[in-house]
Amino acid sequence: MAIDVAKIEIKSVSDASGLDELITSGRMAADDVVAVIGKTEGNGGVNDFTRILSDQAYRAVLAKHGTRSEEAIKLIPMVWSGGCDGIITPHATVFARNGESGASGQSRLAMGTAMSEIILPEDIGRPAMVETVAAGVRAAMKDAGIGDAKDVHYVQTKTPLLTIDGIQEAHGRGQSVACEVHDSMGVSNGTTGLGIAVALGEVEMPAAADICRKLDLYSSVASCSSGVELDRAQIILFGNRDGAGGRFRIGHSVMRDALDIDGIYDSIRSAGLDLPARARSEDLAGRLVNVFIKCEADPGAKLRNRRQIMLDDSDVHHHRHSKGAVGGVAAAAIGDPAVFVSVDAMHQGPPGGGPSIAIVDMGE
């Protein structure tokens with residue numbers, strides 16, 4: 001079954017009217033929606049409840065228009081990344097399956113999902129989590145029907161992070177944890193990035209001391225998020241598969257730093273669009289669905305040999321600086337501020353940079 005993809009704006013903190021219109025217009029059937037990846041307008045932190053509000057609103061629309069049970073709707077993977085710093089517009093990218101078949105020899109977008117085994121609080125930031133995530137990624141590849149890791153271009157995950165209750169529960173079992181609560185979002189994301197890299201053969205299994213420290217180990221297709229709402233890795237994997245059907249293809253590249261607009265255009269070329277050497281947003285001709293980017297302040301506090309102060313700012317966290325800046329670069333590149341830019345990018349692209357993933361419409 002082919003994959004259909006659409007990007008829709010979120011007009012208020014709990015708005016799902018765009019999804020409602022997508023379904024009532026006949027573009028997608030509610031029961032065919034298989035995943036949602038979105039940006040919400042909260043603070044992007046541990047207590048960002050805008051993610052929960054969007055999740056509830058979108059699942060309610062699927063229940064209203066579809067026939068799936070409440071339990072089945074709860075199992076649909078929805079990854080919400082909080083924080084629309086700078087000019088980023090809250091939005092969601094919706095994925096649905098349809099009955100269109102594909103011709104052999106025509107490689108098109110394919111998708112697979114998996115839920116890993118439970119990740120305990122003491123696993124976060126440690127090799128056990130890397131191994132658990134890697135096993136889940138391999139399961140998602142199988143679900144997508146993709147046999148070659150080179151055909152995988154995007155792995156979006158949501159994993160648990162630490163809470164006070166989780167830490168106390170681990171201590172009650174005589175276990176220690178790898179970090180504090182407010183560091184655990186980045187640590188969970190980074191450990192997950194290594195799990196993806198191991199599964200796809202991008203790196204060897206890291207030593208415990210390398211996790212969230214040896215930052216030249218990374219995945220070029222990982223986009224990892226974490227939250228309090230789950231206890232295992234939720235994995236959505238995308239690639240291209242011969243005969244998958246549909247209009248869409250996916251590709252990826254790497255932004256080497258926050259200014260690397262060419263890395264964004266390279267991901268679009270990788271997906272299948274021909275672009276001139278010095279591309280502009282007008283060259284996309286409406287055929288780009290969205291880009292998905294991870295970013296992080298360079299730990300060396302430099303950008304192209306110029307001093308950066310975001311890591312020293314006591315008023316605004318460096319995540320918000322980097323997200324707003326890269327969001328501006330990405331919006332300029334594609335001519336649309338509804339871009340998916342997420343932070344906490346350890347082991348997801350090189351330090352100071354991050355993966356750029358693009359989905360394009362190849363036409364009929």
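The values are calculated or read from the model by the stated rules, or taken from the named source; none is laboratory data. These numbers were taken from a predicted model, which means no experiment stands behind them. With ideal geometry, Cβ positions are generated from the backbone for all residues, glycine too; neighbour counts draw on all protein chains shown. Heavy atoms of the whole protein, side chains included, go into the accessibility calculation; ligands, DNA and RNA do not. Shrake-Rupley method; radii C 1.70, N 1.55, O 1.52, S 1.80 Å.
Of all residues in region 298-320, which are within 18 Å of residue 82 (Cβ to Cβ) and touching a residue at least 60 places away in the same chain (Cβ under 8 Å)? Before the answer, list the steps.
If we filter region 298-320 for residues that are within 18 Å of residue 82 (Cβ to Cβ), which is where we start, we get 316-320.
Scanning region 298-320 gives 319, 320.
Quick one: which of 14, 54 is in contact (Cβ under 8 Å) with a residue 24 or more places away in the chain, in a loop (DSSP other than H, G, I, E, B) and closer than 25 Å to residue 344 by Cβ?
Working: 54 fails: in a loop (DSSP other than H, G, I, E, B).
Matching residue, one of 14, 54: 14.
Hey, can you tell me all the residues within region 219-231 that are open to solvent by 10 Å² or more (accessible area, probe 1.4 Å) and at pLDDT 95 or above? Quick ask: steps written out before the conclusion?
At the first step, the residues of region 219-231 found to be open to solvent by 10 Å² or more (accessible area, probe 1.4 Å) are 220, 225, 228-231.
220, the sole residue that qualifies.
For region 56-69, give me the residue count where each residue is open to solvent by less than 40 Å² (accessible area, probe 1.4 Å) and out of contact with any Gly (no Cβ under 9 Å at 6 or more places or on another chain).
Filtering region 56-69 down to residues open to solvent by less than 40 Å² (accessible area, probe 1.4 Å) leaves 57-59, 61-62, 66.
Pick out the ones that are also out of contact with any Gly (no Cβ under 9 Å at 6 or more places or on another chain) and you get 57, 59, 61-62, 66.
Looking only at that region, the number is 5.
It is to be established whether one or more residues within region 268-277 are open to solvent by less than 10 Å² (accessible area, probe 1.4 Å), closer than 17 Å to residue 338 by Cα and either touching a Cys at 6+ places or on another chain (Cβ under 7 Å) or at pLDDT 95 or above (or both).
So far as region 268-277 goes, yes, one or more of its residues are open to solvent by less than 10 Å² (accessible area, probe 1.4 Å), closer than 17 Å to residue 338 by Cα and either touching a Cys at 6+ places or on another chain (Cβ under 7 Å) or at pLDDT 95 or above (or both).
Table: residues versus (1) assigned to a helix (DSSP H, G or I); (2) under 25 Å from residue 270 (Cα atoms); (3) modelled with pLDDT of 95 or more.
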residue	(1), (2), (3)
88	no, yes, yes
111	no, yes, yes
129	yes, no, yes
143	yes, yes, yes
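Go through the residues of region 157-180 one by one and say whether even a single one is basic (Lys, Arg), open to solvent by 70 Å² or more (accessible area, probe 1.4 Å), touching a helix residue (DSSP H, G or I) at 6+ places or on another chain (Cβ under 6 Å) and modelled with pLDDT of 95 or more. Even if it seems obvious, please write down each step before you answer.
The first filter runs over region 157-180 and keeps only residues basic (Lys, Arg), leaving 158, 173.
Subsequent filtering for residues that are open to solvent by 70 Å² or more (accessible area, probe 1.4 Å) retains 173.
Keeping just the survivors that are touching a helix residue (DSSP H, G or I) at 6+ places or on another chain (Cβ under 6 Å) gives none.
Taking every residue of region 157-180 in turn, none turns out to be basic (Lys, Arg), open to solvent by 70 Å² or more (accessible area, probe 1.4 Å), touching a helix residue (DSSP H, G or I) at 6+ places or on another chain (Cβ under 6 Å) and modelled with pLDDT of 95 or more.
Quick one: is residue 14 among the polar types (S, T, N, Q), farther than 17 Å from residue 57 by Cα and open to solvent by 10 Å² or more (accessible area, probe 1.4 Å)?
Values: among the polar types (S, T, N, Q): yes; farther than 17 Å from residue 57 by Cα: no; open to solvent by 10 Å² or more (accessible area, probe 1.4 Å): yes.
Answer is no for this residue.
Given the criterion open to solvent by 20 Å² or more (accessible area, probe 1.4 Å) and not acidic (Asp, Glu), identify the matching residue among 93, 113. Reasoning before the result, please.
On the way: 93 fails: open to solvent by 20 Å² or more (accessible area, probe 1.4 Å).
Within the list 93, 113, the selection yields 113.
Just checking, does region 202-216 include any residue being touching a Phe, Trp or Tyr at 6+ places or on another chain (Cβ under 9 Å), at pLDDT 95 or above, open to solvent by 10 Å² or more (accessible area, probe 1.4 Å) and within 20 Å of residue 127 (Cβ to Cβ)?
Pass one, region 202-216, residues touching a Phe, Trp or Tyr at 6+ places or on another chain (Cβ under 9 Å): 202-203.
Pick out the ones that are also at pLDDT 95 or above and you get 202-203.
Still in the list and also open to solvent by 10 Å² or more (accessible area, probe 1.4 Å): 202-203.
Right, trim to within 20 Å of residue 127 (Cβ to Cβ) and you get 202-203.
Yes; the residues of region 202-216 include at least one that is touching a Phe, Trp or Tyr at 6+ places or on another chain (Cβ under 9 Å), at pLDDT 95 or above, open to solvent by 10 Å² or more (accessible area, probe 1.4 Å) and within 20 Å of residue 127 (Cβ to Cβ).
Do you know which of the residues in region 245-256 that are at pLDDT 95 or above and crowded, with 19+ Cβ neighbours inside 10 Å is farthest from residue 110 (Cα to Cα)? Before the answer, list the steps.
Kept after step one, since they are at pLDDT 95 or above, are these residues of region 245-256: 248-256.
So of that shortlist, the ones also crowded, with 19+ Cβ neighbours inside 10 Å come out as 248-255.
Details: 248: 9, 249: 8, 250: 9, 251: 12, 252: 15, 253: 18, 254: 21, 255: 24 Å.
Restricting to residues being at pLDDT 95 or above and crowded, with 19+ Cβ neighbours inside 10 Å, the top hit is 255.
Please go through region 320-340 and pick out each residue that is within 18 Å of the chain's Cα centre (by Cα) and not in a helix (DSSP H, G or I).
Selection gives 337, 338, 339, 340.
Sort out which residues of region 31-50 are open to solvent by less than 10 Å² (accessible area, probe 1.4 Å) and either touching a helix residue (DSSP H, G or I) at 6+ places or on another chain (Cβ under 9 Å) or not small (Gly, Ala, Ser) (or both), and write them in order of number. Quick ask: steps written out before the conclusion?
Narrowing region 31-50 to residues open to solvent by less than 10 Å² (accessible area, probe 1.4 Å): 33, 35-40, 48.
Once the filter is applied, which keeps residues that are open to solvent by less than 10 Å² (accessible area, probe 1.4 Å) and either touching a helix residue (DSSP H, G or I) at 6+ places or on another chain (Cβ under 9 Å) or not small (Gly, Ala, Ser) (or both), region 31-50 yields 33, 36, 37, 38, 39, 40, 48.
Output the number of the condition that residue 254 fails; it satisfies all remaining conditions of (1) over 30 Å from residue 46 (Cα atoms); (2) in contact (Cβ under 8 Å) with a residue 40 or more places away in the chain; (3) in contact with a helix residue (DSSP H, G or I) (Cβ under 7 Å, 6 or more places away or on another chain).
Only one criterion in (1) over 30 Å from residue 46 (Cα atoms); (2) in contact (Cβ under 8 Å) with a residue 40 or more places away in the chain; (3) in contact with a helix residue (DSSP H, G or I) (Cβ under 7 Å, 6 or more places away or on another chain) is unmet by residue 254, namely (1).
Kindly evaluate residue 125 against the criterion of being touching a helix residue (DSSP H, G or I) at 6+ places or on another chain (Cβ under 6 Å), in a loop (DSSP other than H, G, I, E, B) and either open to solvent by 20 Å² or more (accessible area, probe 1.4 Å) or not small (Gly, Ala, Ser) (or both).
Details: touching a helix residue (DSSP H, G or I) at 6+ places or on another chain (Cβ under 6 Å): yes; in a loop (DSSP other than H, G, I, E, B): yes; either open to solvent by 20 Å² or more (accessible area, probe 1.4 Å) or not small (Gly, Ala, Ser) (or both): no.
For residue 125, the condition - touching a helix residue (DSSP H, G or I) at 6+ places or on another chain (Cβ under 6 Å), in a loop (DSSP other than H, G, I, E, B) and either open to solvent by 20 Å² or more (accessible area, probe 1.4 Å) or not small (Gly, Ala, Ser) (or both) - is not met.
Which condition from (1) open to solvent by less than 40 Å² (accessible area, probe 1.4 Å); (2) more than 28 Å from residue 100 (Cβ to Cβ) is the one that residue 53 breaks?
With respect to (1) open to solvent by less than 40 Å² (accessible area, probe 1.4 Å); (2) more than 28 Å from residue 100 (Cβ to Cβ), residue 53 is out only on (1).
For region 112-122, does any single residue satisfy the condition of being in contact (Cβ under 8 Å) with a residue 12 or more places away in the chain and under 24 Å from residue 351 (Cα atoms)?
Let us first name the residues in region 112-122 that are in contact (Cβ under 8 Å) with a residue 12 or more places away in the chain, namely 112-122.
Subsequent filtering for residues that are under 24 Å from residue 351 (Cα atoms) retains none.
Within region 112-122 (the criterion being in contact (Cβ under 8 Å) with a residue 12 or more places away in the chain and under 24 Å from residue 351 (Cα atoms)), the answer is no, since none of the residues qualifies.
Go through region 279-319 and give me each residue that's open to solvent by 70 Å² or more (accessible area, probe 1.4 Å) and assigned to a loop (DSSP other than H, G, I, E, B). Before you say what the answer is, go through the steps one by one.
First pass over region 279-319, keeping only residues open to solvent by 70 Å² or more (accessible area, probe 1.4 Å): 280, 282, 285-287, 299, 302, 304-307, 309, 311-312, 314-315, 317.
280, 285, 286, 287, 299, 304, 305, 309, 314, 315, 317 - these are the residues of region 279-319 that are open to solvent by 70 Å² or more (accessible area, probe 1.4 Å) and assigned to a loop (DSSP other than H, G, I, E, B).
When you scan region 113-121, do you find a residue that is within 27 Å of residue 240 (Cα to Cα), in a strand (DSSP E or B), polar (S, T, N, Q) and modelled with pLDDT under 95, even just one? Quick ask: steps written out before the conclusion?
Step one: list which residues in region 113-121 are within 27 Å of residue 240 (Cα to Cα), which gives 113-117.
If we keep only those that are in a strand (DSSP E or B) too, we end up with 113-117.
Next, from what is left, pick out any that are polar (S, T, N, Q): 113, 116.
Filter again for modelled with pLDDT under 95, leaving 113.
Yes - at least one qualifying residue is present in region 113-121.
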